[in-house]
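Throughout, read-outs are computed from the coordinates displayed, never taken from laboratory work. Being a predicted model, the structure only gives us computed values, none of them experimental. Note: ideal-geometry Cβ built from the backbone for every residue, glycine included; neighbour counts use all protein chains shown.
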């Protein structure tokens with residue numbers, strides 16, 4: 001990866017994070033504005049005896065990283081909105097089969113092919129509900145090039161710890177923006193490795209202990225493992241007609257994430273003390289929000305920022321805590337309103353919530369945010 005300090009794009013940072021996390025397999029299909037992730041992985045992986053495959057489409061890409069993960073290696077793909085739509089069925093399969101893998105989505109404006117070269121955050125709810133059936137998902141949302149690398153490492157750690165696909169969502173602006181990136185030394189970050197089965201005697205591939213995460217047995221390791229997207233018992237055998245087995249399985253898949261939200265959910269708070277009006281933001285939008293909050297507090301305004309880093313599972317308790325101590329909340333989003341809905345659910349009427357949406361591929365400006373804050377302040381004060 002070259003020098004320790006570099007000036008690189010967010011897409012490159014995601015690739016670097018994957019390599020640092022131990023990813024040795026990447027399958028993908030070129031799509032703007034995510035192609036640079038694949039290009040960087042294609043450059044680096046052969047040098048470390050890894051494997052890069054350009055697939056025929058995003059459906060195959062998702063299937064390839066699932067299959068490769070079952071050989072015991074860490075895997076990743078990268079795409080943008082239309083490609084992420086194609087991945088949904090295999091994403092559900094990865095959830096059902098408890099397959100660790102990482103999916104980077106460099107979002108662009110939609111629907112359809114939309115604005116391929118411009119950024120947006122239009123896939124936020126698709127991340128949660130795109131694949132069918134009852135399920136939980138983990139999704140992280142960086143706000144800088146440095147964080148794109150760091151949270152990709154975190155995504156691999158979460159994928160291994162909970163045996164689940166993990167999403168990293170940036171956007172076209174952050175993906176193509178260049179910033180200073182400091183690559184850490186090996187002893188400066190933690191890596192979580194896959195928990196593998198050690199004894200073949202009595203082994204059941206989907207039997208979980210107190211942590212609700214089964215031990216993994218990669219193909220070729222001598223264990224008898226049956227993997228299916230059908231409802232299955234602890235031996236992995238299909239039992240799709242059994243309501244009790246389906247109930248037990250799907251609840252465990254959800255609970256292994258929901259019972260560990262304190263370990264999964266990340267966020268940042270700025271100006272939480274003596275705050276009357278809060279901004280709740282995420283991704284690249286939060287950068288301008290931070291500037292507005294700092295400038296406003298210098299002028300004596302009691303404004304604060306809650307930056308969401310983990311979007312799913314949603315930090316309901318954190319948002320509710322903020323809602324209980326402020327008079328109003330502003331939610332700027334680069335869409336017509338998506339994360340504002342779970343925010344309103346968490347607020348539960350404790351205070352007004354105002355959406356400031358912006359689409360068309362342009363970022364929120366500090367001036368626009370300041371004007372929205374002033375409008376909201378006039379309404380509630």
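Below are the figures for this structure:
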item: Relative pair counts by distance (%), Cα atoms of the stretch 5-188, 10 Å bins; result: 11, 43, 38, 8, 0
item: Simple label model, 7 Å out from Cα along Cβ direction - residue 367 to residue 263, nm; result: 4.9 nm
item: Counting DSSP beta bridges with both ends in the stretch 5-188, the antiparallel % (nearest 5); result: 25 percent
item: Mean Cβ neighbour count within 10 Å, used as a protection proxy, ranking 294-301, 28-35 highest first; result: 28-35, 294-301
item: Overall form of the stretch 109-245 per C-alpha gyration tensor (a/c, 1.5; a/b vs b/c); result: oblate
item: Sorted by Cβ density within 10 Å, fewest first, the residues 26, 216, 270; result: 270, 216, 26
item: Separation between Cα centres of the stretch 100-165 and the stretch 339-355, rounded to whole Å; result: 23 Å
item: Cα-based shape type of the stretch 268-380, given that a ≥ b ≥ c are square roots of the gyration tensor eigenvalues and the cut on a/c is 1.5; result: rounded
item: Compactness index (Cα Rg / 2.2 N^0.38 Å), the stretch 88-132; result: 1.32
item: Principal-axis tilt of helix 243-258 within the chain, Cα atoms, nearest 10 degrees; result: 50 degrees
item: Which of 357, 80 has the fewest Cβ neighbours within 10 Å, and the rest in rising order; result: 357, 80
item: Residue-span extension gain [residue 179 to residue 298] - 0.36 nm each, minus C-alpha spacing; result: 40.1 nm
item: Most mobile of 179, 58, 36 in a GNM of the chain (Cα contacts under 10 Å); result: 179
item: FRET efficiency for residue 226 and residue 251, using Cβ-Cβ distance with R0 set to 30 Å, rounded to 0.05; result: 0.90
item: Nitroxide proxy distance, nm - points 7 Å out along Cα→Cβ at residue 378 and residue 234; result: 6.4 nm
item: Sorted peptide list for 341-347, 191-197, criterion being average Cβ within 10 angstrom, highest first; result: 341-347, 191-197
item: Computed [θ] at 222 nm, helices only, for the chain once each DSSP H run of length n ≥ 4 contributes -39500 (n - 2.57); result: -11000 deg cm²/dmol
item: Which of 351, 289, 101 has the fewest Cβ neighbours within 10 Å, and the rest in rising order; result: 351, 289, 101
